[in-house]
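This report refers to the structure that appears directly beneath it.
The values are calculated or read from the model by the stated rules, or taken from the named source; none is laboratory data. Model, not experiment: these values are computed from the prediction. Neighbour counts are summed over all protein chains in view; Cβ atoms, including those assigned to glycine, are modelled from backbone coordinates with ideal geometry.
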Amino acid sequence: MPRSLFAIAATVALTAQFAVVAEETKPQVKAQMPGVLSHTMKSLEGQDVDLAKYEGKVVLIVNVASECGLTGQYKPLQRLHDKYKDQGFVVLGFPCNQFGSQEPGTAEEIKAFCTQNYGVTFDMFAKVDVNGENAAPLYKQLTATPTKPAGPGKISWNFEKFLVGRDGQVIARFSPKTEPSAEAVVSAIEAELAKK
């Protein structure tokens, strides 16, 4: 084989080898990126919950309040949970009192309110701050995540929604006024559930 052809063949073989190595390392790099489910939060009952238990599921994270004009969104959130839970979908509710002091109750009062008035069965967590210095680390990460179309930034009000894919990465962010039953929310959930 002439020298120039040998050099070309060696270069091609080396390039192919690097491509295989690069392809093999891709999933490892992705796995090292911490998703939002890498946090431990307190349940409404005060127990530690490792959010990693939701990995592999499609998750809708919502900051909730009992005395808000948007509190009625508990109903469509529960309907979403009921409709898609067998396909690997969960809603996680995080009570917050930072917006107009609209979640003043104790954990027991919050639980009773949600259960008795809206039949909530999805997982609820202890009251947290979602903005500011004392914001829960989960929310610090959520609000720093570039999302479409809103992008990163503070939580604007109660019932802001973050959709997290099966890989633990934030897929979308929906404003408080976007109903859980809105086409944009439902289609985004269904698209993520379709990914196995």
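What to note about this one:
- Residue match in the range 116-136 (condition: over 17 Å from the mean Cα position of the chain (by Cα), part of a loop (DSSP other than H, G, I, E, B), polar (S, T, N, Q) and surrounded by fewer than 18 Cβ atoms within 10 Å (Cβ to Cβ)): yes
- Yes/no for Gln98 being assigned to a loop (DSSP other than H, G, I, E, B), touching a helix residue (DSSP H, G or I) at 6+ places or on another chain (Cβ under 9 Å) and over 20 Å from Thr40 (Cα atoms): no
- Of Tyr74, Tyr54, all but one fail to be under 23 Å from Ala135 (Cβ atoms), under 14 Å from the mean Cα position of the chain (by Cα), of a type in the set (Ser, Thr, Tyr) and at pLDDT 95 or above; the exception is Tyr54.
- Matching entry among Gly88, Gly119, Gly132 (being under 15 Å from Leu163 (Cα atoms), in contact with a Lys or Arg (Cβ under 9 Å, 6 or more places away or on another chain), assigned by TED's automatic domain parsing to the domain that holds Arg173 and of a type in the set (Gly, Ala, Ser)): Gly88
- Here Ala150 meets each of (1) small (Gly, Ala, Ser); (2) more than 16 Å from Cys68 (Cα to Cα); (3) at pLDDT 95 or above with one exception, condition (3).
- Assessment of the range 170-185 against the conditions (closer than 21 Å to Met41 by Cα and either in contact with a Cys (Cβ under 8 Å, 6 or more places away or on another chain) or in contact (Cβ under 8 Å) with a residue 60 or more places away in the chain (or both)) yields at least one matching residue.
- Any chance Ile189 is among the β-branched types (Val, Ile, Thr), part of a helix (DSSP H, G or I) and under 23 Å from Glu55 (Cβ atoms): yes
- Residue satisfying all of: in the range 137-156; surrounded by fewer than 20 Cβ atoms within 10 Å (Cβ to Cβ) and hydrophobic (A, V, I, L, M, F, W, C); nearest to Ile189 (Cα to Cα) among these: Ala150
- Qualifying residue in the range 83-92 (condition: in contact with a Cys (Cβ under 9 Å, 6 or more places away or on another chain) and over 19 Å from Gly168 (Cβ atoms)): no
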